[in-house]
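Since the structure comes first, as structure tokens, the remarks are kept for the end.
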Amino acid sequence: MSKIIGGSYNNLPWQDKPEGYINPVWRYDANPIIGRDAIPTSNSIFNSAVVPYKDGFAGIFRCDSKAVTMDIYAGFSKDGISWDIQPEPIEFTGEDEEITEKVYRYDPRVCYIEDRYYITWCNGYHGPTIGVAYTFDFKNFVQLENAFLPFNRNGVLFPKKIGDKYAMLSRPSDNGHTPFGDIYYSQSKDLEYWGHHRYVMGTCDFEESGWQSTKIGAGATPIETDEGWLLIYHGVLATCNGFVYRIGCALLDLNQPWKVKKRTMNYVLAPDELYERSGDVPNVVFPCAALTDADTGRIAIYYGCADTVVGLAFTTVDELMAAMEVV
Ligand code: BMA
């Protein structure tokens, strides 16, 4: 038995694994939990992140508009399943208008560190890079400097300092639909200047693990366990009909998280259901958050489905540990 290091959340959304189901991750039986038109202006709502907040949950949602522009919105939920998303996008305050000026914002992550909630997202600034902001209440948001130079995506913070420094995973990329991408680790004393970059892991040979042979990117905030940081990530295969996004996980060293101890060669979730296979961008499951309960080892994964709606899936720390192989 592996142990999650973290809080007890007995209000975590949960369903037991269906009888006879053999895969390590199973879906909420009333998926999708958020439809594409959950706010009046949205074309689609997907790739969104949630955290425990007060006696319920809060989240940051990617809502693409009917003009098909990308922005992020705050939302609240009592049960983690039924969400009330604010109809207006997040307004950021910050020291420099050049940075707070909106170009596009997408694929948010949320991470509680020390005393506040940090959000990271893919922020348009002469191409995609990693935007960083914090909030205490999901109403007022203060934007900090972009973490990196363009082009970068999938910036995911660790929930605590490691060796006295804040830590972030990211995926350097290009300005288009990147045909490559490995995961890197960066460190900062102040959440503004990032350095001491380390390579974490890359794609696999097509012959070895095809689903993650084109590019990979960090998904949810890493989950601290007694055996290492459990990272849920996405992996992509380039097919003759476009990219296919699936989900896997890896175990990173607790003190030196750029060292990978284990990794899935078989995916843990793939686009199998109709709402994952068909939508604005077919064949995409894209994880951005996971809620955990240290008492039971339960994990609830929030993921975008076909760039159109939000899905919820369940697993446990032991299921994910058993799905990985030593690298
Ligand atoms: C990536 C990002 C994600 C999206 C995925 C599949 O490059 O744009 O937001 O889910 O492509 O379209």
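The values are calculated or read from the model by the stated rules, or taken from the named source; none is laboratory data. Note that this is a predicted model, so its numbers are computed, not measured. With ideal geometry, Cβ positions are generated from the backbone for all residues, glycine too; neighbour counts draw on all protein chains shown. Just so you know, the surface numbers come from the protein's heavy atoms only, side chains and all, with ligands and any DNA or RNA stripped out. Shrake-Rupley method; radii C 1.70, N 1.55, O 1.52, S 1.80 Å.
Kindly indicate which of 248, 311, 297 is under 14 Å from the mean Cα position of the chain (by Cα), over 25 Å from residue 39 (Cβ atoms) and of a type in the set (Gly, Ala, Ser).
Residue meeting the stated conditions: 248.
Listed residues 44, 82; which is closer than 21 Å to residue 302 by Cα, within 16 Å of the ligand (Cβ to nearest atom) and within 20 Å of the chain's Cα centre (by Cα)? I'd like the intermediate steps shown before the answer.
Values: 82 fails: within 16 Å of the ligand (Cβ to nearest atom).
Matching residue, one of 44, 82: 44.
Of the numbered conditions (1) out of contact with any Cys (no Cβ under 8 Å at 6 or more places or on another chain); (2) among the small types (Gly, Ala, Ser); (3) at negative phi, residue 80 fails exactly one; give the number of that condition.
(3)
Filter the stretch 100-139 down to the residues that are open to solvent by 10 Å² or more (accessible area, probe 1.4 Å) and in contact with a Lys or Arg (Cβ under 7 Å, 6 or more places away or on another chain) and list them by number.
Of everything in the stretch 100-139, those that are open to solvent by 10 Å² or more (accessible area, probe 1.4 Å) and in contact with a Lys or Arg (Cβ under 7 Å, 6 or more places away or on another chain) turn out to be 106, 107, 134, 136.
When only residues in the stretch 1-46 that are aromatic (Phe, Trp, Tyr) and closer than 23 Å to residue 222 by Cα count, which is surrounded by the most Cβ atoms within 10 Å (Cβ to Cβ)?
46
Of everything in the stretch 66-77, what is under 21 Å from the mean Cα position of the chain (by Cα) and either of a type in the set (A, V, I, L, M) or open to solvent by 20 Å² or more (accessible area, probe 1.4 Å) (or both)? Give them in sequence order.
69, 70, 72, 74, 76 - these are the residues of the stretch 66-77 that are under 21 Å from the mean Cα position of the chain (by Cα) and either of a type in the set (A, V, I, L, M) or open to solvent by 20 Å² or more (accessible area, probe 1.4 Å) (or both).
Residue check, residue 157 against (1) crowded, with 22+ Cβ neighbours inside 10 Å; (2) over 18 Å from residue 289 (Cα atoms), all met but one. Which one?
Among (1) crowded, with 22+ Cβ neighbours inside 10 Å; (2) over 18 Å from residue 289 (Cα atoms), residue 157 violates only (2).
Can you pull out every residue in the stretch 219-264 that is open to solvent by less than 10 Å² (accessible area, probe 1.4 Å), outside any strand (DSSP E or B) and within 16 Å of the ligand (Cβ to nearest atom)?
219, 220
Please enumerate the residues belonging to the stretch 293-321 that are away from the ligand (no atom under 16 Å from the Cβ) and either assigned to a helix (DSSP H, G or I) or open to solvent by 20 Å² or more (accessible area, probe 1.4 Å) (or both).
If the condition is that a residue be away from the ligand (no atom under 16 Å from the Cβ) and either assigned to a helix (DSSP H, G or I) or open to solvent by 20 Å² or more (accessible area, probe 1.4 Å) (or both), then 295, 296, 298, 316, 317, 318, 319, 320, 321 are the ones that fit.
If you go through the stretch 270-292, how many residues are open to solvent by 10 Å² or more (accessible area, probe 1.4 Å) and in contact (Cβ under 8 Å) with a residue 12 or more places away in the chain?
Residues flagged as open to solvent by 10 Å² or more (accessible area, probe 1.4 Å) and in contact (Cβ under 8 Å) with a residue 12 or more places away in the chain within the stretch 270-292 amount to 12.
Checking the conditions here, which among 185, 166 is closer than 20 Å to residue 220 by Cβ, open to solvent by 20 Å² or more (accessible area, probe 1.4 Å) and not small (Gly, Ala, Ser)? So that I can check it myself, show each step before the final result.
Working: 185 fails: open to solvent by 20 Å² or more (accessible area, probe 1.4 Å).
Result: 166 is the single residue among 185, 166 that is closer than 20 Å to residue 220 by Cβ, open to solvent by 20 Å² or more (accessible area, probe 1.4 Å) and not small (Gly, Ala, Ser).
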